[in-house]
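Peer 1: Okay, here's the structure, questions in a sec.
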Amino acid sequence: MARRPLIAGNWKMYLTTAKAVELAEAVAASCAGLSDREVMIAPSFTALTAVAEAVAGSPVRVAGQNVAWEKEGAYTGEISPVMLQDAGAGMVILGHSERRHIFAEDNAMVNRRLLCALQFELTPILCVGETLAEREQGNTFKVVEKQLSQGVQGVAGEQMKQVVIAYEPVWAIGTGKTATKEQAQEVHGSIRNVLAGLYEKTLADEIRILYGGSVKPDNVDSLMAQPDIDGALVGGAALKFESFDRIIHFS
């Protein structure tokens, strides 16, 4: 089954609104008429509205970098799904390793956020991945399966069609190290098998699984050639137009 590739840029805590708009406009212009792949950018919350306006009418989608598990309430520092939609976002990144390891978000919290995103029709990108210690101990598949199965707990099959998975080995994020195409494909294939066990094979074959972890212009083509890699979640290389543009236009 053909899965439409998704190239997603996570801008993390970088770029003022003016710089974000400048980059967004360049990406939108480059993506004009692009139909065989999907492109998404996730600016900081303060730049969301301006970026959404900058890419309006283009194929580029806009995402939040996290979302709360409630529509509204006394949750200082959080952002609700309604607020994300109001700002122009239609997607959201959840369970990123930086949220898990710096801000102590566990699988249960990520799951609550995911369920809320689906309730409000935001497309979630659920991130999973092991640390270097976990890989060296031979626990990669166990860790990823636990994060995945607990992350999608309570998600019905029909809803699962809306979910995107991103495999991000923590040891490859921002380090310059990248999983080899064989290492990445091995875990992606395992993720698809886990999804087939949780749901069914036909559904698992529909779900897009992105690779994230020092994706760059010089490795994107070989990564995207793997049968179970359906796109990329790009960090540092998404902050510069030239490098992100090359990744978007992988061959």
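The values are calculated or read from the model by the stated rules, or taken from the named source; none is laboratory data. All values derive from a computational prediction rather than experimental measurement. All Cβ positions, even for glycine, are placed from backbone atoms using ideal geometry, and neighbour counts span all protein chains on display.
Peer 1: Report the residue count in the stretch 213-235 for those that are surrounded by fewer than 19 Cβ atoms within 10 Å (Cβ to Cβ) and assigned to a helix (DSSP H, G or I).
Peer 2: 2
Peer 1: May I ask you to say which residue of VAL220, VAL234, VAL164 is hydrophobic (A, V, I, L, M, F, W, C), touching a residue at least 60 places away in the same chain (Cβ under 8 Å) and touching a Lys or Arg at 6+ places or on another chain (Cβ under 8 Å)?
Peer 2: Details: VAL220 fails: touching a residue at least 60 places away in the same chain (Cβ under 8 Å); VAL234 fails: touching a Lys or Arg at 6+ places or on another chain (Cβ under 8 Å).
Only one candidate passes the filter, namely VAL164.
Peer 1: Tally time: how many residues in the stretch 59-71 are under 19 Å from CYS116 (Cα atoms) and buried (at least 16 other Cβ atoms within 10 Å of the Cβ)?
Peer 2: Restricting attention to the stretch 59-71, the residues satisfying the condition of being under 19 Å from CYS116 (Cα atoms) are 62-71.
Next cut, buried (at least 16 other Cβ atoms within 10 Å of the Cβ) only: 62-69.
Counting residues in the stretch 59-71 that are under 19 Å from CYS116 (Cα atoms) and buried (at least 16 other Cβ atoms within 10 Å of the Cβ) gives 8.
Peer 1: What pairs come out if I take residues in the stretch 116-144 that are over 16 Å from ALA172 (Cα atoms) and in contact (Cβ under 8 Å) with a residue 12 or more places away in the chain and pair them with residues that are buried (at least 17 other Cβ atoms within 10 Å of the Cβ) and among the aromatic types (Phe, Trp, Tyr) whose C-beta lies under 7 Å away, six or more apart or interchain?
Peer 2: CYS116/TRP69
Peer 1: Another question about this same structure. Please count how many residues of the stretch 64-96 are hydrophobic (A, V, I, L, M, F, W, C), assigned to a helix (DSSP H, G or I) and in contact (Cβ under 8 Å) with a residue 12 or more places away in the chain. I'd like the intermediate steps shown before the answer.
Peer 2: Applying the first criterion (hydrophobic (A, V, I, L, M, F, W, C)) to the stretch 64-96 yields 67-69, 74, 79, 82-84, 87, 89, 91-94.
Imposing the further condition that a residue be assigned to a helix (DSSP H, G or I) reduces the set to 82-84, 87.
Okay, now just the ones that are also in contact (Cβ under 8 Å) with a residue 12 or more places away in the chain, so 82, 84, 87.
Matching residues across the stretch 64-96 total 3.
Peer 1: Considering only residues that are among the basic types (Lys, Arg) and either surrounded by 20 or more Cβ atoms within 10 Å (Cβ to Cβ) or part of a loop (DSSP other than H, G, I, E, B) (or both), which ones fall in the stretch 198-212? I'd like the intermediate steps shown before the answer.
Peer 2: So the first thing to find is which residues in the stretch 198-212 are among the basic types (Lys, Arg), and the list is 201, 208.
Of everything in the stretch 198-212, just one residue is among the basic types (Lys, Arg) and either surrounded by 20 or more Cβ atoms within 10 Å (Cβ to Cβ) or part of a loop (DSSP other than H, G, I, E, B) (or both), namely ARG208.
Matching residues to (1) surrounded by 15 or more Cβ atoms within 10 Å (Cβ to Cβ); (2) in contact (Cβ under 8 Å) with a residue 40 or more places away in the chain; (3) more than 20 Å from SER80 (Cβ to Cβ):
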position: TRP11; (1), (2), (3): yes, yes, yes
position: TYR14; (1), (2), (3): yes, yes, yes
position: ALA28; (1), (2), (3): yes, no, yes
position: ALA32; (1), (2), (3): no, no, yes
position: ARG37; (1), (2), (3): yes, yes, yes
position: THR49; (1), (2), (3): yes, no, no
position: GLY57; (1), (2), (3): no, no, yes
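Peer 1: Moving to a separate point now. Could you tell me how many of the residues in the stretch 95-136 are of a type in the set (Val, Ile, Thr) and buried (at least 19 other Cβ atoms within 10 Å of the Cβ)?
Peer 2: Within the stretch 95-136, residues that are of a type in the set (Val, Ile, Thr) and buried (at least 19 other Cβ atoms within 10 Å of the Cβ) number 3.
Peer 1: Scan the stretch 144-166 for residues that are closer than 21 Å to VAL92 by Cβ and part of a helix (DSSP H, G or I) and jot them down. Outline the logic, then answer.
Peer 2: Start the filter on the stretch 144-166 by keeping residues that are closer than 21 Å to VAL92 by Cβ, which leaves 144, 147-166.
Selection gives VAL144, GLN147, LEU148, SER149, GLN150, GLY151, GLY157, GLU158, GLN159, MET160.
Peer 1: Within the stretch 167-189, which residues are surrounded by fewer than 18 Cβ atoms within 10 Å (Cβ to Cβ) and either part of a helix (DSSP H, G or I) or at pLDDT 95 or above (or both)?
Peer 2: So in the stretch 167-189, the residues surrounded by fewer than 18 Cβ atoms within 10 Å (Cβ to Cβ) come out as 174-177, 180-183, 186, 189.
LYS181, GLU182, GLN183, GLU186, GLY189 - these are the residues of the stretch 167-189 that are surrounded by fewer than 18 Cβ atoms within 10 Å (Cβ to Cβ) and either part of a helix (DSSP H, G or I) or at pLDDT 95 or above (or both).
Peer 1: Is it the case that GLY88 is at positive phi, touching an Asp or Glu at 6+ places or on another chain (Cβ under 8 Å) and not basic (Lys, Arg)?
Peer 2: Working: at positive phi: yes; touching an Asp or Glu at 6+ places or on another chain (Cβ under 8 Å): yes; not basic (Lys, Arg): yes.
So GLY88 fits the description; yes.
Peer 1: Looking at ARG99, ARG113, ARG61, can you tell me which residue is among the basic types (Lys, Arg) and part of a strand (DSSP E or B)? Please lay out each step first, then the result.
Peer 2: Numbers: ARG99 fails: part of a strand (DSSP E or B); ARG113 fails: part of a strand (DSSP E or B).
Sole residue among the options that is among the basic types (Lys, Arg) and part of a strand (DSSP E or B): ARG61.
Peer 1: Scan the stretch 4-35 residue by residue and report those that are closer than 20 Å to ILE209 by Cα and at pLDDT below 95. Steps first, please.
Peer 2: At the first step, the residues of the stretch 4-35 found to be closer than 20 Å to ILE209 by Cα are 4-11, 35.
Scanning the stretch 4-35 gives a single hit, SER35.
Peer 1: Also, I was wondering about something else. Going through ASP205, ASP228, ASP218 one at a time, which residue ends up being under 17 Å from the mean Cα position of the chain (by Cα) and more than 20 Å from THR131 (Cβ to Cβ)? Explain how you work it out, then say what you get.
Peer 2: On the way: ASP205 fails: under 17 Å from the mean Cα position of the chain (by Cα); ASP218 fails: under 17 Å from the mean Cα position of the chain (by Cα).
Only one candidate passes the filter, namely ASP228.
Peer 1: Within the stretch 24-39, is even one residue closer than 28 Å to THR175 by Cα, among the polar types (S, T, N, Q) and part of a loop (DSSP other than H, G, I, E, B)?
Peer 2: Checked the stretch 24-39: no residue is closer than 28 Å to THR175 by Cα, among the polar types (S, T, N, Q) and part of a loop (DSSP other than H, G, I, E, B).
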